[in-house]
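J.: Sharing a structure below in structure tokens format, with a few things to ask.
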Amino acid sequence: MRWINYLGKAVPRRVKSMAAALIEEFPDKFVAKDFEANKKFVNLLRIPVSKSTRNLVAGFITRKVSQRSS
């Protein structure tokens, strides 16, 4: 039984700090409700991270920008 699927939405500290730095550096480049556009922009920056980490960063940015715009 894989217990990891039952864990909450904890985001690693390095993902949070990377996302905060990107939001601070490019505040107008991220779209509030569009994960795919944010993922493509993070990919264009050529940050040397894995695909899953890139997706975590893009998702966290999407969530934070959505919260800020609401």
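J.: Does any residue in segment 47-70 that is under 15 Å from F35 (Cβ atoms) come within less than 8 Å, Cβ to Cβ, of a residue that is basic (K, R) six or more places away or on a different chain, and which pairs are these?
T.: Listed pairs, sorted by first residue: R54/K39; N55/K39; A58/K39; F60/K16; T62/K33; S66/K33.
J.: Sticking with this structure for a sec: Pairs under 7 Å by beta carbon, first residue of a type in the set (K, R) in segment 1-16, partner at pLDDT 60 or above and not in a loop (DSSP other than H, G, I, E, B), six or more apart or different chains?
T.: Qualifying pairs under 7 Å: K16/F60.
J.: Going by the conditions given, is F30 among the aromatic types (F, W, Y), part of a helix (DSSP H, G or I) and at negative phi?
T.: No.
J.: For the subset of segment 33-70 comprising residues that are out of contact with any helix residue (DSSP H, G or I) (no Cβ under 9 Å at 6 or more places or on another chain) and not in a helix (DSSP H, G or I), which member is modelled with the lowest pLDDT?
T.: Filtering first and then ranking leaves S70.
J.: Still on this structure, I have one more. Restricting attention to segment 1-26, report how many residues are in a loop (DSSP other than H, G, I, E, B) and at pLDDT 70 or above.
T.: Residues in segment 1-26 being in a loop (DSSP other than H, G, I, E, B) and at pLDDT 70 or above: 5 in total.
J.: Also: For the structure I just gave you, tell me whether K29 is at pLDDT 95 or above and either surrounded by 11 or more Cβ atoms within 10 Å (Cβ to Cβ) or touching a Lys or Arg at 6+ places or on another chain (Cβ under 8 Å) (or both).
T.: No, not satisfied.
The values are calculated or read from the model by the stated rules, or taken from the named source; none is laboratory data. Computed from a prediction, not measured in an experiment: that's the story for all the values here. Note that each Cβ is placed from the backbone with ideal geometry, even for glycine, and that neighbours are counted across all protein chains shown.
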